[in-house]
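Student: Supplied in structure tokens, the structure appears directly below.
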Amino acid sequence: MTGAPDAALALRVEDLSVSVGGRRVLAQVSFTLAPGELCGLIGANGSGNTTLLRSLLGFVAPSGGTIRLGGDGARRLGYLPQKVSVDPFMPLRARDVVALGLDGHRLGLPLPSRQRRARVDAALAAVSAEAFADRRIGTLSGGQQQRVFIAHALVRRPQLLLLDEPLASLDPSSATEIATLLRRISRDTGIAVLMSAHEINTLVPVMDRVIYLAGGRAAAGPVAEVIRSDVLSRLYGHHIDVLDVHGRILVVPAPGAGHDHTHVTRVP
Amino acid sequence: MLGLLPVGFLDSAPVQHALVIGGFAAVVAALVGVPTLLRGQAFVTDALAHVSSAGGALAPLIGINALGGFVLMSLAAALGLEAAPPRQRAERDLQTGAVFGAGLGVAALFLYLDVTLPGGSGNAVGVLFGSVFLLGASDILPAALAGGAALALLALYLRPMLLASLDPDLAAVQGVRLRRVGLAHLAALTLAIGLAAMTVGAVLSTALLVAPAAAALVLTDRPARALMLAAGLGLAGMWGGILMAWQSYVWTAGHAWPASFCIVAVLIGLNLAATLGRGLWRLGRRGAA
Ligand SMILES: Nc1ncnc2c1ncn2[C@@H]1O[C@H](COP(=O)(O)OP(=O)(O)O)[C@@H](O)[C@H]1O
Ligand SMILES: [Mg+2]
């Protein structure tokens, strides 16, 4: 409508560099994300996943580059931190947590309204959390809490959802469930989802794009164009094999490279 | 109900003032106590409460209401804490400990002066442990102003306080100004401490803030109910304690127990009963299931 070439993008990051505590963590990272896309942010521990997400949120000031959010100009981001440790005595039910996502930043006492309740219910339904909506948040399992916090992030209808290792503490079947759920939500609502993981396996079937972080630099694009021997070798600066073993991909760094993550991956 | 009260109880002016001001103070303290516990600031509360004793001792020497003294000194300590906001909880405990120690040093001096100087109250025990029956009509207006301000801050910032205690980053993403919320909370906290100190003394004021809120958080999982329960428990503790102190004249043949002891005793008793009752109720439910 505006005619600007970026109008259709949810996020455009160009040459983003970030230093933390005097150390360069990210160097000239570039990628784009369209509405409705689900993008995996993959990197070994300490490679800068959290730093990238926090700089997109404005918590960490970049030392260079640009971050542009698309959409209507309103800055509406949903966020799931890597670790939300809920006090067991927090007097909040799951639905109260989601309601705080809707209007917890507002001043004054909340007035109960049918519309407010409907939006909270819809967000809880989107993550299939109706069954434990009225239970105290601190008494829910890790996977249940994860769903509630995703609903908390969704309820304001963000243009971009940033999730920091949402699958890390989950058993494989819950991880697959949440990944599939996020896939469905991004498709249905047009929300762009950027989620980090140290483990690529679960994400491959659901992600449209991948950002692969190593040594502060990033390779980004569709999975089939990034998880390749030549691309990852260039990124790491030494030889990396990407093997196709009966429809599964094995990412094998050269010995002594200091990276111990061998990914066993299904071909998308 | 009223007929069950001892003869003359409600006709006594000191009892009337104690019930009105003490009840109001207990409600404000209990309400402010809820977000305070959720923010993990029980230790900060205890430190500010103790330091406020310096203000209570200073008040008669500089000719201000005791409430003003309590609030002034705990506010000064709170601002000292806010001047260097800590990154981690461990660091905050360290700072709180330092402010606690320094403040008590000042309190030692002011309490000494309060007892020894001609203009002083000579009542150090009253500053530290309170004397709710000494409150008078002149205390009602300052108490109403301080309590009203604390309640207004609480009502205004309740939601951001809840969100920030759930997770500060989540609050920041939604545009909550964490610093402002922290200051609003500290302001409400110092006002509540001042009010509580006015009734049960600086040292015991923590009990009015923490005990009802702690029980309420165990008993319910909804924020609005937690606040109402805390307020109810605080009020019951204060009124029950005042009644118990009045009756103790009879029980001890004229010696009587200090009101602050009675108030805290009833508060703790209510807490125990609530915890026990909840345990029994759960057991019963499990048995029925
Ligand atoms: N506050 C900090 N001070 C100094 N270094 C930090 C800080 N936070 C993160 N780092 C460093 O930045 C790098 C990236 O961290 P992070 O983004 O948390 O990695 P990831 O989320 O991928 O595990 C790590 O090497 C880490 O040691
Ligand atoms: Mg991380």
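The values are calculated or read from the model by the stated rules, or taken from the named source; none is laboratory data. These figures come from a predicted structure and were not determined experimentally. Here the Cβ positions follow ideal geometry from the backbone for every residue, glycine too, while neighbour counts run over all protein chains shown. Heavy atoms of the whole protein, side chains included, go into the accessibility calculation; ligands, DNA and RNA do not. Shrake-Rupley method; radii C 1.70, N 1.55, O 1.52, S 1.80 Å.
Student: Taking R0 as 45 Å, what FRET efficiency do you get between A:GLU225 and B:ARG286 from their Cβ-Cβ distance, rounded to the nearest 0.05?
Tutor: Details: r = 57 Å, r/R0 = 1.26.
My answer for the efficiency is 0.20.
Student: Would you mind telling me which residue in A:SER63, A:SER113, A:SER85 has the biggest mean-square fluctuation in a Gaussian network model of chain A, where springs connect alpha carbons within a distance under 10 angstrom?
Tutor: A:SER113
Student: Could you calculate the contour length gain from B:ALA137 to B:ILE62, that is, 0.36 nm times the residue separation minus the distance between their Cα atoms, to one decimal place in nm?
Tutor: 24.9 nm
Student: Sort B:188-197, B:135-144, A:148-157 by packing, meaning the average of other beta carbons within 10 Å per residue, with the highest value first. Before the final figure, lay out the partial values.
Tutor: Values: B:188-197: 30.8, B:135-144: 15.4, A:148-157: 24.6.
Ranking the peptides B:188-197, B:135-144, A:148-157 by packing returns B:188-197, A:148-157, B:135-144.
Student: Enter the angle in degrees (range 0 to 90, nearest 10) between the Cα long axis of helix A:142-154 and the first principal axis of the Cα atoms of chain A, meaning the one along which they spread out most.
Tutor: That helix lies at roughly 80 degrees to the long axis.
Student: Separate question: Between B:LEU145 and A:GLN28, with labels modelled 7 Å along Cα→Cβ, what's the label distance in nm to one decimal, could you check?
Tutor: 6.5
Student: How many percent of the accessible area of chain A is carbon or sulfur, using a 1.4 Å probe?
Tutor: 52
Student: What 222 nm value per residue comes from the helices of chain B, counting each DSSP H run with n ≥ 4 as -39,500 (n - 2.57) and dividing by all residues, nearest 500 deg cm²/dmol?
Tutor: Computed mean residue ellipticity for chain B: -27500 deg cm²/dmol.
Student: Tell me, what is the percent relative contact order of chain A, built from C-alpha pairs under 8 Å that lie six or more residues apart? Can you show the working numbers first?
Tutor: On the way: 527 pairs, mean separation 62.3, N = 268.
Over chain A, the number comes to 23 percent.
Student: Calculate the mean, over all residues of peptide B:223-231, of how many other protein chain Cβ atoms lie within 10 angstrom of the residue's Cβ. Don't skip to the end; give the middle numbers.
Tutor: Working: counts 8, 5, 1, 4, 1, 0, 1, 1, 0.
The per-residue average across the peptide is 2.
Student: Which of the residues in the stretch B:183-218 show a loss of at least 10 Å² in accessible area from their chain by itself to the complete set of protein chains, at a probe of 1.4 Å?
Tutor: Relative to the lone chain, where solvent access is computed with a 1.4 Å probe, the stretch B:183-218 loses at least 10 Å² at B:LEU217, B:VAL218.
Student: Just to be sure I understand: if you take the accessible area of chain A alone plus chain B alone and subtract the pair, with a 1.4 Å probe, what total do you get in Å², rounded to 100? Walk me through the intermediate numbers first.
Tutor: Working: alone 13370 and 13860 Å², together 24620 Å².
Buried area between the two chains comes out at roughly 2600 Å².
Student: If you stretched the chain out fully between B:LEU156 and B:PHE43, how much longer would it get, using 0.36 nm times the residue separation minus the C-alpha to C-alpha distance? All intermediate terms of the calculation are to be shown ahead of the outcome.
Tutor: Details: separation 113, 0.36 × 113 = 40.68 nm, distance 2.42 nm.
Going from the current span to full extension adds 38.3 nm.
Student: Spin-label point model (7 Å from Cα, Cβ direction): what's the A:ALA168 to B:ARG222 distance in nm?
Tutor: 3.5
Student: Now for a separate question. Which value in nm describes the separation of the simple spin-label points at A:LEU107 and B:THR252, placed 7 Å from the Cα toward the beta carbon?
Tutor: So the label points at A:LEU107 and B:THR252 sit 4.8 nm apart.
Student: Related question: Of B:VAL7, B:ALA59, B:LEU128, which is farthest along the charge dipole of the protein assembly as shown in the positive direction, counting Lys and Arg as +1 and Asp and Glu as -1 at C-beta?
Tutor: Working it through, the farthest residue towards the positive pole turns out to be B:VAL7.
Student: Now for a separate question. Taking the highest mean first, how do the peptides A:9-21, A:234-246 order by number of other beta carbon atoms within 10 angstrom per residue? Display every interim value, and only then the final one.
Tutor: Numbers: A:9-21: 17.8, A:234-246: 13.7.
Output ranking for A:9-21, A:234-246: A:9-21, A:234-246.
Student: A follow-up question, please. Please check: in the Gaussian network model of chain B (C-alpha springs, under 10 Å), which one of B:ALA216, B:ALA29, B:ALA256 has the largest mean-square fluctuation.
Tutor: B:ALA256
Student: State whether chain B is rounded, prolate or oblate according to the following rule on the C-alpha gyration tensor (a ≥ b ≥ c being the square roots of its eigenvalues): a/c under 1.5 gives rounded; otherwise a/b larger than b/c gives prolate, and the remaining case gives oblate.
Tutor: Details: a/c = 1.88, a/b = 1.08, b/c = 1.74.
It comes out oblate by the Cα gyration axes.
Student: Keeping the other protein chains in place, figure out the carbon and sulfur percent of the accessible area of chain B, with a 1.4 Å probe.
Tutor: 70
Student: At 1.4 Å probe radius, can you tell me the per residue accessible area of the protein assembly as shown in Å²?
Tutor: Numbers: 24620 Å² over 557 residues.
The answer is 44 Å² per residue.
Student: Moving on. Pick from B:HIS185, B:HIS255, B:HIS17: which is most flexible by mean-square fluctuation in a GNM of chain B where alpha carbon atoms under 10 Å apart are linked?
Tutor: Fluctuation is largest for B:HIS255.
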